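Taking it in order: structure first as C-alpha cells, then the write-up.
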Amino acid sequence: MGDVDAGAAGELRVTAAEPIADSNTASKEHEDDVEDDVNDDSGTDELSNDDKPCTHLQRVAQGGSGSLPDVFQTSHLVFYERFKAYQDYMLGDCKSSEVKAFTVDYLEKAVEPSDWRALWHSDVFDVLVQVVDVDYKELRAKVELVLPMQCEARGCELTEESTTALLDATLNRVPLQDLLVVYDESGDFDQTALALEHLRFFYKHIWRKWDEEDEEDEFDYFVRCVEPRLRLYYDVLEDRVPAGLVAEYHSLLERCSDTFCEFSSLRNGLSSDSESELDNVSMVEGLQMYEHMEGLKRKLRIIENPLLRYVLGYKMNCGQHMCSTKGERPSGLRVVHIVSASTSVHVLHSLMTEKLLPLYSSKEFEVQFHCDPAVAISGCYEGDVVILCPGHYTVTSSITMADSILVEGYGLPDEVVIEKRNKGDTFVESTGDVVKISNLKFIQHDAIEGILCVRQGKLEMENCVFQCETTGVIVRTAAQLLMNMCDLYGSKGAGVEIYPGSVCSLTGNGIHHCQDGVLIKDFADEMDVLPKITMVNNVIHNNSGYGVILVKPDGGVVEQQPTVAESPADAEGRAEQDQTCGGSVNGEGGAVKEEVGTKSDLPIIVEEAGPVEGAVSSEFTEGNDVLKRELVATSVRKQHLQRRRVMELRAMQVDEDLLSQEMFVSIHGNQFRRNGKGSFGTFLY
C-alpha cells in the first residue's frame, strides 16, 4: 500500500462507518449522530438526494489480460474510517471471547445474503463466481462458477474442470475474506464490499490466534488490542516507525505465532487424568513454552503501544543497523577530506595556514576534496579527518561514522550547516571507538529516529547545534557521549535520551523547546543498570514537559521479601537501610565518596566536585538535588533486585562486582527554567 494521508479522510466518497441500521454495538441516538457526522464528512449529502441511486465507491481494474471485471476499491481507507467501523459497528465494547459473535452480527446486517458477484482471490488465481448463499456463522459463502469461466492464473494452469473440482472439494464454500465484490454502479453492494474489507483487514492485521484465550478477557477488546494495533499499522504505513523496529515486530509476531501453535499442540496432547512420567515432562515443557510466549506477547504490546514504543521499544532493537569498521587504510596513509561546494581563495588560504600546514603536513597525510559530506565520511578509514568549509550542505542519506574519525566545521556552527532531506530512520549514527564532531549545525527533516544516535563506542561533540524534528540525541546501552557547549532544540520527544548502561556527560549545553529535556530510561530487567551521568552547568528551559524525566517500572522501590538465603531479621534490617538511601548524596560543592548502609548490596555513590554557580537563583537549580536523590534510590532498588535474583537462583558464587556496582553521579550547576511540568518528573509503566 502507498502512503496514506490521514488529513484526506474527508475526500473519500464513502466512509467505513456508513449507516447500518439497528446495530447492537451502539445506541440508536449515537448512531444517528455518527451517521450525520460521517455523511457531512464524506460529502455524499447531495448525492444521496438524487432520484437515481449510485455507488459512492471507486473502482479498480484487475491486472492481466483484462478479462476480469473491475472490483470495488476499498483497500485505501484511512485510519479514522476503519477506527469508527470497528468501534461503532463491528466490535463495539465486546470482549475478546465475543469477537466472533459480534462480527457475525455485523455481517448479517451489512452483507447481502445472495445474488452478487465476486472475484475469488488467492495468491495463484482470481476466478469470477456468483454468491448464492452466505453462512455468516462460519464466515463463508456458497458460490457457483460463472460460465463461461473468467479467470486469471499466476504460475499455474487453470481450466474449468480443475476449478470445478476445487470448488467441489470445498463444497462450494469459500471464506468471505477471499471474495472481492465486483463493481456495481447501483450502490446496492457498497455495504457488502466495505464489510468484507473490514473483515479481511481485521483478520489479517488485527486479530491474533491467542486473543481468544487472553487472560484479560474482562476488558474492552477494542481499547486494549484493536486501537493500538490499528494505530501501529498506519504509523508503519506512513513511515513513522523505524524500519528496524518494524522488522523486529514482525519477527516477534512470527515467533509468538509459532510458539502458540506448538503450545496448543502440546496442550491438546495431554491427558487430563494421566499421571505418567511422559505427561509430567510435557507439562514442564508446556509451562516453559507458556512463559516464553508471554514474554513475546509483552514485547509485542510494548511496540503496539505508542507511548511505550517511544520509551521502551528500541531496547530490543538497539543492536541493529551496525556498520562494519574499515580499520586503517592498507597503504598506512591518513586522509584529510576537504568538503566544499565552492570556496573563496581567502578561505582556502586561511584553511591552509591555520589547519592543514600546522596539523597535517607530515608525510602520512594526503588531501582529498569532496562536495558532499556524506560521501566524504563514508570514504573515511581509521584516523581520517573531515573538514567542512563554510556552506549549507544538503544530504539525502544517513551519515554513519563507523571508524574513529574527526569531523569538524571550519567556522562557526551557523556557517557550516548539514541539512537532511528525505525520509529515513536516522540522520547521523556513531559506532566508532572514538569519534569527534565539532563546529557543525545539523538540521533534521522527515526523520523517524533521532537527529543523532550513539549506538556503540564513544562520541565527543563540542560547539554543535541540533535543530531536531522527531527526537534528539540518543545514547544506547554501552555507548558513551561527551556533549559540551552544544545547543539542541525542536525535538518532539526528548532532547537527549539516555539508555541503561551508557555513559553520558552533558556540560554547558542548552536544551530547550523540546517535549522533555533529558530522558533517562530504566528498564524492567533488574540486570539493566542505570547509566553513569554527568550533568554540569546545562541550561534546560522552555520544554513543554519536564526538564529531566526518569522512566521506570511502576511500583518504585520494590518491597523486599526474605529469600532462601536471607533470614527475616536480615530482611528487616535491609528495609531499614532502604529508608536511608534517598538522602545518601550530599549537596553540591564537595567531593563525596560515601557508602550507603553497611551491606555489600548497596551501591557506592560517587560525586565529583564542581563549580558552584552562586549567582544563579536557587529556584532554577533546585532540580539538581531532586534528580540525584531519585537516581540514587532507583540504583538501590536495582541492586536489591540483582541480589535477590542471584540468591533465588541459588548461585554457587556471587559476582561481587555485579552486586557492588558503582553509580557515578555528578550533577550540579544546572539551571531549569520555564519547563511546562517542572524540573524533574518520573514516568511509571
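The table below lists the values:
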quantity	calculated
Every residue from the stretch 670-684 that is part of a loop (DSSP other than H, G, I, E, B) and surrounded by fewer than 20 Cβ atoms within 10 Å (Cβ to Cβ)	ARG674, GLY676, LYS677
Entirely in the stretch 28-108, the helices (runs of 4 or more DSSP H) that have 1 or more residues that are surrounded by fewer than 17 Cβ atoms within 10 Å (Cβ to Cβ) and at pLDDT below 90	28-42, 45-48
Residue in the stretch 247-269 that is exposed (fewer than 12 other Cβ atoms within 10 Å of the Cβ), among the hydroxyl-bearing types (Ser, Thr, Tyr), assigned to a helix (DSSP H, G or I) and at pLDDT 85 or above present	yes
Residue within the stretch 343-363 that is touching a strand residue (DSSP E or B) at 6+ places or on another chain (Cβ under 6 Å), part of a strand (DSSP E or B) and not acidic (Asp, Glu) present	no
Scope the stretch 183-207; condition touching a helix residue (DSSP H, G or I) at 6+ places or on another chain (Cβ under 9 Å) and either assigned to a strand (DSSP E or B) or over 14 Å from GLN73 (Cα atoms) (or both); matching residues	LEU199, PHE202, TYR203, LYS204, HIS205, ILE206, TRP207
Residue that is out of contact with any Phe, Trp or Tyr (no Cβ under 9 Å at 6 or more places or on another chain) and not in a loop (DSSP other than H, G, I, E, B), where the choices are GLU408, GLU419	GLU408
Test for ILE520: is it touching a residue at least 12 places away in the same chain (Cβ under 8 Å) and in contact with a Pro (Cβ under 6 Å, 6 or more places away or on another chain)	no
Residue within the stretch 378-391 that is free of Cβ contacts under 8 Å to residues at least 40 places away in the same chain, in the same structural domain as ARG334 (by TED's automatic domain parsing) and not in a strand (DSSP E or B) present	yes
Check on ASP126, over 29 Å from PHE219 (Cα atoms), acidic (Asp, Glu) and in the same structural domain as PHE202 (by TED's automatic domain parsing)	yes
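The values are calculated or read from the model by the stated rules, or taken from the named source; none is laboratory data. Just so we're clear, the structure is a prediction, and the values are computed from it rather than from any experiment. Cβ: placed from backbone, ideal geometry, glycine included. Neighbour counts: every protein chain shown.
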